[in-house]
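Structure first, then comments.
The values are calculated or read from the model by the stated rules, or taken from the named source; none is laboratory data. Here the structure is a predicted model, which means the values were calculated and not measured. Because the Cβ atoms are built from the backbone with ideal geometry, glycine has one as well, and the counts that use them run over all protein chains shown. Areas reflect the complete protein model, heavy atoms only, side chains present, ligands, DNA and RNA absent. Shrake-Rupley method; radii C 1.70, N 1.55, O 1.52, S 1.80 Å.
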Amino acid sequence: QPNAMGGREVGGLANQLAAHLDIENEAHQSLVQRFWLAPTIAKKAGSNAIDMFDEIAAGKIKAVWIMATNPMVSLPNNTAIKKALETCELVVVSDCIAKSDTLKFADVAFPSTGWGEKNGTVTNSERRISRQRPLVAPYSGAKNDWQIMCEVAKKMGFEGFDFTDPSGIFEEWAQLTDFENNGSRVLNLSGLVGLTKSQYDNLKPIMWPVVKNQPYKNGQVFTDNQFSTADKKARFIPITPQLPIQQTSSDYPFVMNSGRIRDQWHT
């Protein structure tokens, strides 16, 4: 299962660039493009998980790489997901187990590492970054997701993927959070730029922002009553509570749900 908060920080959603930058903001596009010296960059949000599979089924998306999730089980409308994967020209699946409902549709399968084999960082919902160290060596020929992506990128002819250790990836991400920041963005890891390999390996859990030479700001957000909105004001959204649309009756006295709970997401 992916690290939800950490994934958002590094641009893991289809509507974000890395470091919490907006994919449809021209200034943010330019910033990321300059930082990575990229010839091109995405300029509009991609599809969310449900819409993506609709576009796969319609032939608009012709290749999909599924990592750390099992959509044949976790997404609604199993029949539609099955149709999409059967239609797709190229299905790549990275997983840490040998058999899953989604792996049945894979044209290419990559053996990935599981939680106890991973080495890197995760971030929880209070913005606290924690070092994750492996408990055991990767099983058989399994590789970490970052290693697999780097190898594929190099095979495709892309530059900038010569990482040999997760500390190098962390360093690049920290640099991006500080690139032309000037304190204007909340996600700021300038105080973690330039860590040695030893300092990275021994990093204690720390809450961002981590601001260079300004430790009094560490972990503090919105202390000046300035929020992450265009006018810097907080947003309050009024709601009208209402009962479920489907009500029980004498004819239909039962309510059925899938039985899935929050912690079963991604299976």
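Quick check: with the 1.4 Å probe, what order do 50, 245, 239 take by accessible area, largest first? Each step should come with its number before you reach the end.
On the way: 50 80, 245 160, 239 135 Å².
Heavy-atom accessible area, descending, gives 245, 239, 50.
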Around residue 102 (Cβ within 13 Å, Cβ-to-Cβ, excluding residue 102; K/R +1, D/E -1) the net charge comes to -1
Cα-based Rg/(2.2 N^0.38 Å) for the range 143-231, rounded to two decimals, is 1.32
The alpha-carbon center of the range 13-76 and that of the range 166-191 are separated, in whole Å, by 21 Å
A correct Stokes-Einstein calculation for the range 57-130, using the alpha-carbon Kirkwood radius, 4 °C and 1.567 mPa s, returns a whole-number D in µm² s⁻¹ of 93 µm²/s
Output ordering of 221-228, 190-197 (per-residue mean of other Cβ within 10 Å, highest first) is 190-197, 221-228
Note to self: C-alpha centroids of the range 84-127 and the range 195-225 sit apart, in Å, by 31 Å
In the range 44-139, the GluC sites (Glu not before Pro) that sit in a DSSP loop and have at most 14 other Cβ atoms within 10 Å of their own Cβ are 89, 126
Share (percent) of C-alpha pair distances in the range 98-176 greater than 15 Å works out to 67 percent
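Near residue 138, within a Cβ-to-Cβ distance under 13 Å, what is the net charge of the other residues, with Lys and Arg +1 and Asp and Glu -1?
Charge balance in the 13 Å sphere: 0.
Roughly what % antiparallel, to the nearest 5, for the DSSP beta bridges in the chain? Mind dumping the intermediate values first?
On the way: 8 of 18 bridges.
Around 45 percent antiparallel, to the nearest 5.
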Sorted largest first, the Cα spans of the range 29-182 on the principal axes come out in Å as 48, 41, 36
For residue 99, counting only lysines whose alpha-carbon sits under 23 Å away and dropping same-chain residues fewer than eight positions off, the answer is 82, 83, 118, 143
On each of the three principal axes the extent of the alpha-carbon atoms of the range 172-212, given in whole Å and largest first, is 29, 18, 14
Judged on accessible area alone, 1.4 Å probe, highest first, 95, 107, 22 line up as 107, 22, 95
note: the chain, Cα-Cα separations exceeding 26 Å make up a percent value of 54 percent
